[in-house]
Structures are given as structure tokens and as C-alpha cells.
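Beneath this line is the structure, given in C-alpha cells, with notes to follow.
Laboratory data are not the source of any read-out in this text; all were calculated from the coordinates shown. All figures in this text were calculated on a predicted structure; none of them were measured in a lab. Heads up, the Cβs are rebuilt from the backbone with ideal geometry, glycines too, and the neighbour counts pull from every protein chain shown.
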Amino acid sequence: MKIQLAALVTISVSWSQVYAALVVNEDLGTLGVGVVSLVGDTAAGADNAQGYTAAGTVAAGWGSSEWVYQFAIDEELVATLTSEAVVGDPDTFLLNSLETVAGDATGAMVSAYLDGAVPDTANLGLLSAGTYFLSVDSWGAGTSATFDLTLDLSVFSVNAPRAVDLGILGDDTTFVSLDTFGSGIGDTELGLYDASGNLLVTNDDAGDGFQSQLHIDSMPEGTYYAAVGAYNTNFASTGFDVLGGGEGGGIILNHNGSSTAAVIDAWDGASGVAWFSFAIVPEPSSMSLLALAGLTLLRRRRS
């Protein structure tokens, strides 16, 4: 049985086989957005990896050989792997190096077992620009496996949540205050995200109460999203991934001393979170300078 572990596991062996670094069987070159077909037989490869503990797996148990692909990307891409057809039990590992120590591939980052019914898809994560390796190994000592896999590379995108639009709250010099005072839910949590889905700041209890409040001296121009949930809301650091605390009810988001029609009674059933959006614009003086520069340019062209 394949077992995933939260920590690395070291297993000593009673025999003294000498292992080398992984050997690249196919170099796929530099890849961009698109799909690549990976078809092969692990029996045709070398036998230098018996484990991939850096990917959270037991250090011994893979077959007599592995087939290794190399590829590079020159931009940040999301990678997924899908099984199209398999014979035996091939398992795939994403690595950032070919090094092995006593048969353990130390560069392993992510495992993709693809043990479900074909087609089965595994997410390899968001990859930075660089060089990577895919090792396809078979489970079970002395075994081999054939495989037909699809590697899909795509651009990372974030879908902004559906939100109540609070309009423009100020420019990039404005002091911004957000709070949930007066909400029907007595114990709230508040998080603020930028337009790319990155978590900027959160607050649970403001002062002596259980409502939430954020004070921000200044914010760069752009669009922002405030997420409000009941106590025990979980704010992920990226992707607008917020899971509410499980209690529904009315939410008010006060902003810079005003309470507009920003009351949510119908909660998002998928996450239990009330979302609000607002904009920060450039400082008026900067906009005036830009306009003045434009008028000056027009005058010069007309003269």
C-alpha cells in the first residue's frame, strides 16, 4: 500500500545496492501553455529511485525502473497530469533535481498516483520558471508499468468573487477604515484581499468586542475585496479562498464612517462569506498633473 506522510521517513535496507542519480530518458525542451502527451514503459528506464520521500511518501516500494522526463518553463504556469491509459500501477513524481541518496530521489516535490479510474487528474501546483523532471515509476518491487499520460500547462488565473460594490473609497493617500459594527452576527472576522487574490490583512476581535475592524493608513490604487464571515472563518493566503465560520445572518460593512446599502442577509451557500469590493484611485494632484501634461502636449502639437 502506498502511504503519504506529513514528515520524511527514512528506512534502512539490509542490502548494499549502489544507486546513481536519476537518468533523463526524454527531454521535452522548453514548454509553454498547452498539452503534452507522455507515453512510455517504465521497464525501459534505469533503476535509481526506490523512494521519493520529499514528496511525502514512504522511502522504499517502487519498482525495478523509472522513466524520467525533463522540461523547462520560462513563465509561471499551473501544471496538471491526467491518466489516459495505464497498465500496471505507474506513479508519477515532479522533481526539481535528479539527485538520489541511497535510492531516495531527494528532489521530489509532488506525487501524482493517479490510482482512480481513467481518466484521473492530479494537480501538480503552480510552477515557477525553471527546469523540472517527471519520474514515472511503478509500484511494487520488481514490477513495471506502461502509461499514457497528459501534461497540461496553463496560465494561473484568479476569479474574483461576486461582491457588493462600495464604489471609490478614496485615493492612494486616504486613511481607510473598515468595520462590521452593527452586524446581525455578533462575532465576525474580516479579511482584505487585493485584486490578484492575495490576502493583505485580517482581524478577528476589535477592542473589547467580537466585531472586526481594519485601519489602513494608505493603499495603492486598485481594486480590493473585503471578506466577512462568522467566527472561525478561514482566510487562505491566495486565490480568494475563504471558508466562513458556519453561521448565517446579517452583515454590515462600515467604511470610513459611512454605512451604505452594504448589508448581506443572503449568504453565499458555498462558503458562508459576505464579499464587498471597493476601489482606490490615484491622488487627485497626480491626475491633475497628467491632465496638464496632456493639455501642454496638445498645445505644442497645434502650435
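So here's what we get for this one:
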| read-out | value |
| --- | --- |
| Convex hull (Cα only) mean projected area of the stretch 26-154, reported in nm² to one decimal | 6.6 |
| Nonlocal amide H pairs with Ser65, under 5 Å, H built at 1.01 Å | Ser138 |
| Under 10 Å, Cβ to Cβ, from Gln70 - net charge with Lys/Arg +1 and Asp/Glu -1 | -2 |
| Alpha carbon centroid spacing (whole Å) that separates the stretch 173-212 from the stretch 64-96 | 42 |
